[in-house]
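Participant: Have a look at the structure that comes next, please.
The values are calculated or read from the model by the stated rules, or taken from the named source; none is laboratory data. Please read these numbers as outputs of a predicted model, since none were measured by experiment. A quick note on method: Cβ atoms are made from the backbone with ideal geometry, for glycine too, and the neighbour counts reach across all protein chains shown.
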Amino acid sequence: MKYYVLIPFLPLLGFLINILLGRNIIKNRAHWIAVPFVGLSMVFGLLTVRDVISGTVINEDLYTWIISGDFKVSVGFLIDQLTAVMLVVVTVVSFLVHVYSIGYMHGDPGYYRFFAYLNLFTFSMLMLIMSNNFLQLYFGWEAVGLCSYLLIGYWYQKKSASDAGKKAFIVNRFGDFGFGLGVILVFLTFGTLHYLPVFENVSQIAGRTIILLGHEFDLVTIIALLLFCGAIGKSAQIPLHVWLPDAMEGPTPVSALIHAATMVTAGVFMVARCNPIFNLSETAMTVIALTGGITALFAATIGLVQNDIKRIIAYSTISQLGYMFLACGVGAYGAGIFHLYTHAFFKALLFLGAGSVMHAMAGELDIWKMGGLKNKLKITYITMLLASLSISGIPGFAGFFSKDEILYQTYLKGDLGKVLWFMGTLTALLTAFYSFRIIAVAFHGRFRGTHEQEHHLHESPPVMTIPLILLAIGAVVSGWIGIPPVIGEAIGLEHSAWFYEFLAPVVGHPHAEGSHSAELFVMTLSIIAGIGGIGLAFYIYSGDAERAEALLKRPLLKKIHTVLWNKYYVDELYHFIIVRPVLWTARTVVEAVTDIGIIEAIVNGVPRVIGRLSERLRVIQTGLVSHYALWMAGAMFLIIAIILIR
Amino acid sequence: MVELQWYIWLSLGVFIIGLMGFLTRRNLIIVFMSVELMLNAVNINLVAMSHYMQDMRGQMLTLFVIAVAAAEAAIGLAILIALFRTKAAGHVDEATELKG
């Protein structure tokens, strides 16, 4: 039975029911529609994954979407090993977030709308990952962007939220423009948009060049870089990372699902999916690796000093996405996807944990107004702690295995790889530091909020804590299917790196070969970095903020802190070089010349001419019947006279 | 035997009297009467021509004209009463709401 067809369309059905009937009929019962549909979708998704593991790869066109001359696109599904991994991530995290939202969004006036959008998002994301051609990928790509916009601006009465929604949408335009051009170029080059023919023939165009603006460029490099543009926007890499921190204005389940676990990883998925194209271009791979490595370090440094709990986690997301691109850039797609998969669990957990804290603290976001929560919010504390250990790369937890593989593969990649590896290890230290800064400041120490907040402090209801616990299990064990052989051999486990073997048919194996000693060296350093970061965070932030304030008294640290606090002034820079010129053009050229000078002149001019003419004409309409009769009689005589004279 | 042209002269005379009455009189009842005159002028013409051409279709058409004239009179009188009720006026130049 082709039950895999139902996977994306069940959430779509849920969306349609809720959006059409939600306002007047379903109201606050919307979760009875949304959650079961996503749950069923998850069941079918996992069944499909089981089929893929047993060796079935599905590639089928369902429906011919567009035919125009040579241009033919179908709606179709390609379900291979890569899609299977994404199916697990998307359906499981989506289902857990849906369940969590029942508690978190309880009593919100737009309850049905929230679940409708969440369903629509799940549908779009599934279309994106299950697609077998570039156009359907592009459809899903834009549709998840739309859902992201709708959900960031979900509390649209709040100006900051609607602004953040617009910002996310507009910043993504920059990336998607390049992505669209890339898709067009793929069609022009190969004459088809289906993945498999493109990937089979891509080696034939290696070395072909294309002339743009009088310069000669390598065709594959151009295609790869244009596609990567889309990934930069969607996955919030430098220089288009600015939208993701602002996207935290949306409800916290949205941040967990869309802006941590699934949508933002679409860029990584796309790069891995198109690996036959990227593999042919050394330049594009270097660009990806550099972008990823620099973003990882850059975002982690900003995350060090933020005080808003969700923003810290958002910068952490950008940083972890940087790791994934770093892995793709050095050809270790398997490691990148593995990190995507483990990251989905622990990062969704971090966000949902933050949501649980906000739930208890009446929406408080500043970690300095929390403190000592570990006694009151036991489940939240333990699950957040597990997620933080996982992201810090403590051995045994999921994040350790994936991050370690990325660092190791980077280390093997020549001189540039060594530099990027060093940056990656430094990032690991910073990651552990900011993650445990949250733990130390918000969960340890004494309570610093208001009395009222302290009085109302409570653990969230089971509908919220159970998803936390399930994700926490994922954050611990999800890495155990990709244990590096060097450890696997030590503990006597065969096929310990099962995940990489599973993905190999799609993404291949990285070419670099290393020694056990090199691997152990990289691993030891990353463990030291993780533990060091944790220790440093507890050393500085245990007790009150005295040690942190003492550090800020030093002029150099103060200066660094100011730069980091202002996020390297990137927003200000963009405001200066993009927003202001655009607004100036809008006011002086578009508004004054085009709008008032041309469009309004036409729109107002035509009725004005008609008005002038009718002013003359209306005089003859006196309202007296006799006058009309006279006109009639006169005209009649005239007609008769003309007939007679002729 | 009266010749055809006399009928046509009569018809023309009646029609012009009707037209003049229609154009110049202000009293709505007189205006209706003038319309009737014009219709009947046409009827005379139709019957005379029908007889002259030995074709019954003209006389048949006359019956239709009479029927239409009756309907027109009924509607016209209804309008007159309605006008009188709303404006207490029986003169056509007092109803000028459609003035442009």
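Participant: Can you tell me which residue in segment A:148-176 is surrounded by the fewest Cβ atoms within 10 Å (Cβ to Cβ), limited to those that are of a type in the set (A, V, I, L, M, F, W, C) and under 17 Å from A:His241 (Cβ atoms)?
Facilitator: The selected residue is A:Ile170.
Participant: Shifting gears a bit: For B:Ile16, only one of the following conditions fails: (1) within 13 Å of another protein chain (Cβ to nearest Cβ); (2) at pLDDT below 90. What is its number?
Facilitator: All conditions are met except number (2).
Participant: When you scan segment B:56-98, how many residues do you find that are within 14 Å of chain A (Cβ to nearest Cβ), surrounded by 10 or more Cβ atoms within 10 Å (Cβ to Cβ) and over 20 Å from the mean Cα position of the chain (by Cα)?
Facilitator: Residues flagged as within 14 Å of chain A (Cβ to nearest Cβ), surrounded by 10 or more Cβ atoms within 10 Å (Cβ to Cβ) and over 20 Å from the mean Cα position of the chain (by Cα) within segment B:56-98 amount to 7.
Participant: Also, I was wondering about something else. Starting from residues that are without any contact (Cβ under 8 Å) to a residue 40 or more places away in the chain and of a type in the set (Ser, Thr, Tyr), keep the ones in segment A:119-172 and report whichever is farthest from A:Met248 (Cα to Cα).
Facilitator: Only one residue tops the list, namely A:Ser124.
Participant: Shifting gears a bit: Residues that are at pLDDT 85 or above, surrounded by fewer than 14 Cβ atoms within 10 Å (Cβ to Cβ) and hydrophobic (A, V, I, L, M, F, W, C): does segment A:530-553 have at least one?
Facilitator: No, segment A:530-553 contains no residue that is at pLDDT 85 or above, surrounded by fewer than 14 Cβ atoms within 10 Å (Cβ to Cβ) and hydrophobic (A, V, I, L, M, F, W, C).
Participant: I've got another one for you. When segment A:361-386 is examined, which residues are found to be outside any loop (DSSP other than H, G, I, E, B) and closer than 18 Å to A:Asp308 by Cβ?
Facilitator: Result: A:Asp366, A:Ile367, A:Trp368, A:Lys369, A:Thr380, A:Met384.
Participant: How many residues does segment A:618-637 hold that are facing another protein chain (nearest Cβ under 8 Å) and either among the small types (Gly, Ala, Ser) or surrounded by 11 or more Cβ atoms within 10 Å (Cβ to Cβ) (or both)?
Facilitator: Just the residues of segment A:618-637 that are facing another protein chain (nearest Cβ under 8 Å), to begin with: A:618-626, A:629-630, A:633.
Next cut, either among the small types (Gly, Ala, Ser) or surrounded by 11 or more Cβ atoms within 10 Å (Cβ to Cβ) (or both) only: A:618, A:621-626, A:629-630, A:633.
So the count comes out to 10.
Participant: Next question. Please tell me if B:Thr62 is part of a helix (DSSP H, G or I), of a type in the set (S, T, N, Q) and under 30 Å from A:Arg618 (Cα atoms).
Facilitator: no
Participant: Sticking with this one: If I filter segment B:1-13 for residues that are within 12 Å of the chain's Cα centre (by Cα), surrounded by 13 or more Cβ atoms within 10 Å (Cβ to Cβ) and within 14 Å of another protein chain (Cβ to nearest Cβ), do I get at least one hit?
Facilitator: No - not one qualifying residue is present in segment B:1-13.
Participant: Is it the case that some residue within segment A:145-167 is assigned to a helix (DSSP H, G or I), closer than 20 Å to A:Leu226 by Cβ and of a type in the set (Phe, Trp, Tyr)?
Facilitator: There is no residue in segment A:145-167 that is assigned to a helix (DSSP H, G or I), closer than 20 Å to A:Leu226 by Cβ and of a type in the set (Phe, Trp, Tyr).
Participant: Take A:Met370 and tell me if it is surrounded by fewer than 24 Cβ atoms within 10 Å (Cβ to Cβ) and among the aliphatic types (A, V, I, L, M).
Facilitator: Answer is no for this residue.
Participant: Considering only segment A:198-208, I want to know if a residue exists there that is assigned to a helix (DSSP H, G or I), under 26 Å from A:Ser68 (Cα atoms) and under 19 Å from the mean Cα position of the chain (by Cα).
Facilitator: So far as segment A:198-208 goes, no, none of its residues is assigned to a helix (DSSP H, G or I), under 26 Å from A:Ser68 (Cα atoms) and under 19 Å from the mean Cα position of the chain (by Cα).
Participant: Within segment A:560-646, considering only helices (runs of 4 or more DSSP H) that don't extend past its boundaries, which have at least 3 residues that are under 60 Å from the mean Cα position of the chain (by Cα)?
Facilitator: Counting at least 3 such residues, we get A:570-574, A:580-585, A:600-617.
Participant: Now for a different question. Within segment A:599-612, is there a residue that is within 14 Å of chain B (Cβ to nearest Cβ) and farther than 30 Å from A:Asp246 by Cβ?
Facilitator: The answer is yes; a qualifying residue exists.
Participant: The conditions are (1) more than 14 Å from every other protein chain (Cβ to nearest Cβ); (2) assigned to a helix (DSSP H, G or I); (3) β-branched (Val, Ile, Thr), and B:Ile29 fails exactly one of them. Which is it?
Facilitator: (1)
Participant: Let me ask something else. Quick one: A:Asn24 ticks every box in (1) without any contact (Cβ under 8 Å) to a residue 24 or more places away in the chain; (2) exposed (fewer than 12 other Cβ atoms within 10 Å of the Cβ); (3) under 20 Å from A:Gln136 (Cβ atoms) except a single one, so which number is it?
Facilitator: (3)
Participant: Can you find even one residue in segment A:341-354 that is surrounded by fewer than 24 Cβ atoms within 10 Å (Cβ to Cβ), within 21 Å of A:Ala440 (Cβ to Cβ), among the hydrophobic types (A, V, I, L, M, F, W, C) and touching a Gly at 6+ places or on another chain (Cβ under 7 Å)?
Facilitator: No, every residue in segment A:341-354 fails to be surrounded by fewer than 24 Cβ atoms within 10 Å (Cβ to Cβ), within 21 Å of A:Ala440 (Cβ to Cβ), among the hydrophobic types (A, V, I, L, M, F, W, C) and touching a Gly at 6+ places or on another chain (Cβ under 7 Å).
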